[in-house]
Structures are given as C-alpha cells and as structure tokens.
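The structure appears right after this line, and notes come after that.
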Amino acid sequence: MPVGSSPFPGLDLRLVVEGALGAEGTLLTAGECVVLQRILGLSEGALELYARLSLRQPRPFRVSELAYAGDVDAQVEELRSAGLCHRNVPDDLCLPAFSAEELRVACRALGLDARGSRPALEARLLGQRWVREPVILIGHAALLRRVEVLFFQTPHLSRQDLVLDRLGALAWAKYTPTGGPGLFARRGAMTLWERARRREWSPGDVEGLLARGPSGAGLDPWRYAVEARIAELATAAPLERAAGLEALLGQGAPVRVLLSRAWEQAGEPARALQRVLEGRGKDTGEGLACDRTSRRLARALGVRLAPIQPLREARTRTIEVPGGAVARAGPRPLWPTTGGALAPIEAAVIEWLGALGRPALHAEQSPWVGLYALVFADLYFLPIENMLPTAFRSGPVDVGTPDFYRRRREAVDARLALVSKFGMEDYVSKYDGSRLSGLSSVTTSAFLARHAPPAMAACVLGRLVREGWAVAAGLPDLFVAAGPGARLDEAFAGLAALPARLSESAFLVEIKGPTDTLRDDQRIWLDVLVENGIHVELWSLSAK
C-alpha cells in the first residue's frame with residue numbers, strides 16, 4: 001500500500017530510535033549510540049528536518065529549496081554541529097540537485113560549452129568548482145536503516161509504515177511482547193546479515209557461515225552464503241564442484257540436481273544417480289527435478305527404476321482466441337478483451353468471464369497469503385516464547401514458515417476445521433484495518449473469504465500453513481466465483497472453447513499460452529487440489 005508523507009516525522013523517528021535503543025541497544029557500538037543520542041537531543045524543528053530529509057532519496061539538498069517551517073538555516077546549522085549532515089559537499093556530488101538549465105548556466109559561467117543533453121553537461125562540470133550556494137548531505141542513513149530493522153524486527157518495514165498507523169488506516173495489534181533474542185543474538189550476526197544481503201562479503205564470511213550451517217533463527221544469512229558458494233563452484237573442476245556441493249547438501253541446501261550433474265561430469269554416473277534418487281518424489285519441485293534427472297541417468301546406465309506415483313492432472317479446456325497473442329515490446333504477449341482492447345492473458349480472461357457474469361480474481365499468490373493472515377490473525381499473537389520479541393510487530397517471528405504450524409498445531413487444525421465447515425467471511429470484518437504479516441490487500445483477500453468454497457479454502461490454507469508461504473508461488477492464476485453456467489464462447493465473437501460450458505460452482509484456473517509450460521510448483525498444486533476434490537482447470541490458449 002502506498003505511504004504518504006508523515007505529518008509527524010520527528011515523532012516517528014524519536015519513537016523508532018528510543019525503541020531500538022531500549023530493546024536492542026546492546027547490538028550498537030558506543031559511537032552509534034552517541035549519534036542516536038544526538039538525534040534525540042535535537043530541537044523539535046531540527047529533528048523534523050532531519051527526519052524528513054532522511055526519508056527522501058539519499059541525494060544532496062540545496063538549502064535554498066528546503067521550504068519547511070521554522071528557521072531552516074538555523075536547523076541546518078544545528079544538524080551540522082551535531083554531525084548529522086555535511087555542508088562541504090564536493091561539487092561533483094551536487095549535480096543531481098540542479099536542473100539541466102541551471103547546469104547550462106554554470107557551464108556558461110565557466111566558459112564551457114552549454115549545449116547538449118544533461119549527461120553531456122554533467123560530464124563538462126566534473127572536476128570544476130561551480131556551486132555557489134549551500135548544499136547539504138544527510139548523514140548516517142545506514143545507521144537509521146539498521147535502527148528501523150531492530151525496532152520493527154523485520155527488514156520489510158520502515159518509519160514510513162508508521163504513517164498508516166497514525167492516520168488510523170492500519171494498526172498494529174495490541175499484545176504483550178514475549179521477549180527473546182530478537183533477530184540477532186549478537187552484533188556480529190547483525191553486521192554479517194547486512195553484508196550478506198548486499199553481497200558485500202568480508203574475508204572469511206562465506207566460510208564461517210558454511211562451517212556453522214543454518215541457524216534456524218532470526219535473519220539467517222546462511223542462504224546468501226550458499227548462493228555465493230554455488231556461484232563460486234560453477235567454474236570449478238567437476239570433482240572440486242562435487243565436493244563443494246556435497247558439503248552444501250549435508251547442511252540441507254537444495255542442490256541435489258546440481259550435485260548429480262557434477263558427479264556425472266566427473267565421470268561417476270552411478271554416484272550421480274544415487275544422489276538424485278535420494279531426493280526423488282512428487283511433493284516438492286526439487287523432488288520432481290530429481291525424478292527427471294534420475295530417469296535420464298537410469299536409461300543411460302540400463303537401470304530399471306520403480307516409477308513414483310504420477311501427479312494428478314487438472315481437467316483441460318482448450319481455447320482459440322481470434323487475434324490473440326499480439327506481440328509487444330516486453331516479455332509477454334497481449335490478448336484481446338471483450339471491449340476490443342489488449343491486455344495480459346490473465347486480465348483478458350478475467351474480462352471475458354466478467355462479461356458472462358462470473359467475477360474472477362487474479363489470485364496467484366498474495367490474495368491467498370492474505371487470506372492466511374486474516375484466518376490465523378489471532379493465532380499470530382499467542383504468547384509463545386520468543387515469537388513476539390518487541391511491541392511493534394505484525395506477526396510472530398515464525399509466521400509464514402512450517403514452524404508456525406508446528407508450534408500451534410492444535411489451534412491451527414481447529415481453525416481449519418471451522419473454515420471447512422463455516423467459511424471465512426467473519427474473519428474479514430474482525431481484522432479489517434489490522435496490520436498483519438502477509439496481508440497486502442484486504443480487498444482481494446476478502447473476495448476469496450466471501451466467495452471461495454470452504455473446502456477449497458481449507459485445502460489451500462492447509463498447505464500454506466503446513467509448508468510455508470514459499471509454496472504459494474505455484475498457486476493457480478485465477479479464482480472464479482460461482483455464477484451462471486454460461487458458455488465461454490459467448491464471451492465475444494469468434495472465440496472457440498472446448499469444452500465451452502462453465503460449471504456454475506466456483507473453481508480455480510491455471511492459464512497457459514501457446515509457448516507456456518507448467519512449472520513443477522504449479523504441477524504440484526494441481527495434484528494437491530485434484531487429490532482433495534477441488535475443482536481446478538488448466539486452460540490452454542492459442543491464437544485463432
């Protein structure tokens with residue numbers, strides 16, 4: 001949801017700084033604490049100015065253009081004296097603060113060519129002394145971001161998110177914090193995560209993380225180290241690559257297929273087959289990839305493999321669209337709508353269905369995760385040790401992971417039983433206006449809550465809560481609400497569909513164009529849905 005300017009940026013900044021110092025001050029250095037105390041010691045006007053400018057893009061600001069209340073010159077001087085802004089900004093760094101016309105004026109004043117584009121003007125001014133007015137740079141942006149992470153206990157929120165709370169649009173839940181170590185047990189873990197997220201490794205970082213293995217707590221940078229090691233091994237000799245991937249596999253990294261290829265290239269196909277056989281199955285994308293690789297290797301080695309249980313397939317509807325699949329300058333073609341316009345394939349199909357009286361929603365991922373948030377909202381804030389370490393959280397530390405279910409199994413199973421029996425509409429009104437992890441749009445999730453059949457919702461939510469939000473990526477493209485059993489070929493002239501008539505009940509749709517194929521995670525979802533008796537279809541579209 002877009003966030004506007006806060007009417008209280010100074011108060012927001014004070015709240016975040018004081019909260020972070022109180023809850024996680026031991027993770028900060030003495031120097032960082034001095035800077036934060038200087039921020040808290042600013043006058044009201046200077047604090048407001050610093051808070052506002054630190055929320056804007058990290059660029060230089062011309063003092064003459066700071067149109068804020070109070071004596072801006074005095075506020076800037078207070079910030080400079082506190083070491084919170086820099087006034088001696090090199091001229092080369094000031095270029096973004098000036099318009100192209102102002103750069104032309106500066107070029108003329110120096111006797112330089114004033115013609116051409118902005119990049120040409122900037123190139124001529126590089127290394128010159130041309131700035132004739134005060135320009136400032138706000139300092140300590142990285143420290144403020146660190147403080148926000150420590151205050152909110154997530155990297156996905158910032159001070160701007162306090163605006164919606166102050167305006168009453170969204171509110172954090174009221175609960176008693178359970179305490180606990182928070183995201184980081186020590187400063188080293190925090191700074192390591194920050195470097196890992198930026199892929200700015202220090203000597204020994206990757207080796208240290210891989211020697212330690214996954215921690216399973218807080219913001220664990222281990223996965224970034226795995227990515228770095230895989231990239232490093234890509235150019236290694238096959239035996240060296242296999243040895244490195246074996247070590248990653250031992251820590252639980254999903255690298256079986258890569259490891260199998262490495263052993264195959266090293267001339268050990270039997271060992272390559274053994275590795276993928278160990279991960280073969282139909283429950284995960286890696287398991288399906290292992291199955292494909294194992295069947296190829298088995299054929300080459302003359303080995304007979306017992307087949308895994310085949311995935312169930314959704315009923316398929318073939319659709320020919322007049323004038324469909326119009327190429328454009330982008331990764332996906334456009335398709336005609338009932339009004340004659342062109343739209344991406346999902347939007348076009350939604351419009352066709354709407355013309356037939358069948359409301360539909362592009363529900364591939366976030367609407368279902370949002371429904372998870374609405375349905376399990378009160379379970380988010382159960383007093384479970386270490387799961388709610390601070391007061392400003394929109395969910396527990398383990399939300400969206402399999403651990404959420406493991407720690408609340410009885411309560412979650414009871415809630416799913418209620419959903420399958422009575423539906424979900426009551427949860428929308430109860431938690432509308434609440435800030436909940438996973439809920440990006442109440443409107444779209446509420447559509448599912450009001451129109452999805454209870455059995456369908458219980459099936460989808462059951463898998464999301466047991467396996468985590470990561471599996472949401474393969475959910476079918478569309479949810480189609482119940483309605484008249486119209487013929488799809490009546491959407492507009494020339495469209496041909498086989499079968500043509502739509503079921504009157506609600507159903508899910510996975511849409512594929514002429515060159516699209518099902519991903520493994522999508523195939524697994526279709527299997528799960530069909531196994532549980534949920535109406536789901538695969539629509540194969542082609543141009544007519």
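Quick note: the coordinates plus some simple rules give every number you see, no bench work behind them. Values in this document were obtained by computation on a predicted structure and should not be read as measured data. All Cβ positions, glycine included, derive from the backbone under ideal geometry; neighbour counts span all protein chains shown.
Pull out the extension gain between residue 8 and residue 128, defined as 0.36 nm times the separation in residues minus the alpha carbon to alpha carbon distance; nm, one decimal.
Working: separation 120, 0.36 × 120 = 43.20 nm, distance 3.96 nm.
Result: 39.2 nm gained on full extension.
In nm, give the distance between the simple-model label positions of residue 187 and residue 230, each being 7 Å from the Cα along the Cα-to-Cβ direction.
So the label points at residue 187 and residue 230 sit 3.4 nm apart.
State the percent of C-alpha pairs, over all pairs in the range 202-353, separated by a distance greater than 26 angstrom.
Details: 6016 of 11476 pairs.
Roughly 52 percent, rounded to a whole number.
Could you tell me which of rounded, prolate or oblate describes the range 493-544, using a ≥ b ≥ c as the square roots of the eigenvalues of the alpha-carbon gyration tensor, with rounded for a/c under 1.5 and, failing that, prolate when a/b is larger than b/c and oblate otherwise? Could the numbers behind the result be given before it?
Details: a/c = 3.74, a/b = 1.28, b/c = 2.93.
Note, shape of the range 493-544 comes out oblate.
Order of 507, 422 from fewest to most other C-beta atoms within 10 Å?
Final ranking by Cβ density, sparse to dense: 422, 507.
Compare the peptides 99-105, 456-462 by average per-residue count of other Cβ atoms within 10 angstrom and give them in order, highest first. Walk me through the numbers before you get to the answer.
Values: 99-105: 13.7, 456-462: 22.6.
For the peptides 99-105, 456-462, the packing ranking is 456-462, 99-105.
Going by C-beta contacts inside 10 Å, put 544, 512 in order with the fewest on the left. Intermediate values should be presented prior to the final figure.
Values: 544 13, 512 17.
Listed from fewest to most nearby Cβ atoms, that is 544, 512.
Multiply the residue gap between residue 174 and residue 342 by 0.36 nm, knock off their C-alpha separation, and tell me the result in nm, one decimal place. If you can, show how the numbers build up before the last one.
Values: separation 168, 0.36 × 168 = 60.48 nm, distance 4.65 nm.
Computed gain between residue 174 and residue 342 is 55.8 nm.
Arrange 401, 517, 154, 443 by Cβ neighbour counts within 10 Å, fewest through most, would you?
Working: 401 17, 517 7, 154 20, 443 11.
Listing 401, 517, 154, 443 from fewest to most nearby Cβ atoms yields 517, 443, 401, 154.
Multiply the residue separation of residue 320 and residue 81 by 0.36 nm, subtract the distance between their alpha-carbon atoms, and state the gained length in nm to one decimal. Don't skip to the end; give the middle numbers.
Numbers: separation 239, 0.36 × 239 = 86.04 nm, distance 7.04 nm.
Answer, rounded to one decimal: 79.0 nm.
Would you mind listing how long the range 315-543 runs along its three principal axes, going by Cα atoms, in whole Å with the largest first?
Principal extents (Cα only, largest first): 61, 38, 32 Å.
For residue 512, give me every one of the lysines with a C-alpha distance below 28 angstrom, ignoring sequence neighbours fewer than eight places off in its own chain.
Within the straight-line limit of under 28 Å, residue 512 reaches these lysines: 282, 544.
Around residue 481, what is the net charge, scoring Lys/Arg as +1 and Asp/Glu as -1 over all other residues with Cβ under 11 Å from its Cβ? Display every interim value, and only then the final one.
Details: positive: 358, 450; negative: 504.
Local charge sum for residue 481: +1.
Using the alpha-carbon atoms, what tilt in degrees (0 to 90, nearest 10) does helix 72-81 show relative to the longest principal axis of the chain?
Approximately 90 degrees, to the nearest ten.
If the range 8-149 were replaced by its equivalent ellipsoid, with semi-axes equal to the square roots of 5 times the Cα gyration tensor eigenvalues, what would those be, largest first, whole Å? It would help to have the intermediate numbers written out before the result.
Working: eigenvalues 242, 47, 29 Å².
For the range 8-149, the semi-axes come out at 35, 15, 12 Å.
Starting from the Cα gyration tensor of the range 180-224, take the square roots of the eigenvalues, sort them a ≥ b ≥ c, and report rounded, prolate or oblate (rounded when a/c is under 1.5, otherwise prolate if a/b is larger than b/c, else oblate). Show your work: numbers first, answer last.
On the way: a/c = 1.85, a/b = 1.41, b/c = 1.31.
Here the range 180-224 falls in the prolate category.
Which of the peptides 133-143, 491-501 is most tightly packed, and how do the rest follow, judged by the mean count of other Cβ atoms within 10 Å per residue? Walk me through the numbers on the way to the answer.
On the way: 133-143: 17.3, 491-501: 15.1.
Put in order of decreasing packing, that is 133-143, 491-501.
How many percent of DSSP beta bridges within the chain run antiparallel, rounded to 5? If you can, show how the numbers build up before the last one.
Values: 17 of 31 bridges.
If we restrict to bridges inside the chain, about 55 percent are antiparallel.
Modelled label-to-label distance, residue 141 and residue 425, 7 Å Cα→beta-carbon offset: nm?
According to this spin-label approximation, the distance is 4.9 nm.
Hey, could you grab the Kirkwood Rh for the chain? Inverse mean 1/r over distinct alpha carbon pairs, Å, one decimal. Before the final figure, lay out the partial values.
Details: mean 1/r = 0.0359 Å⁻¹.
Final number for the Kirkwood radius of the chain is 27.9 Å.
Amide H to amide H, which residues 5 or more places from residue 316 or on other chains are under 5 Å from it, using H placed in the peptide plane?
So residue 316 has HN proximity to 538.
Taking the Cβ of residue 502 as the center, what net charge do the other residues with Cβ under 14 Å away carry, scoring Lys and Arg +1 and Asp and Glu -1? Each step should come with its number before you reach the end.
Working: positive: 315, 317, 358, 487, 501; negative: 489, 490, 504, 537.
Every neighbour counted, the sum reads +1.
Count the net charge of all other residues whose Cβ sits under 12 Å from the Cβ of residue 544, scoring Lys and Arg as +1 and Asp and Glu as -1. Working shown, then result.
Numbers: positive: none; negative: 320, 489.
Residues close to residue 544 contribute a combined charge of -2.
May I ask you to list the lysines whose Cα is less than 28 Å away from that of residue 421, ignoring any residue fewer than eight positions away on the same chain?
Result set, ordered by chain and number: 430.
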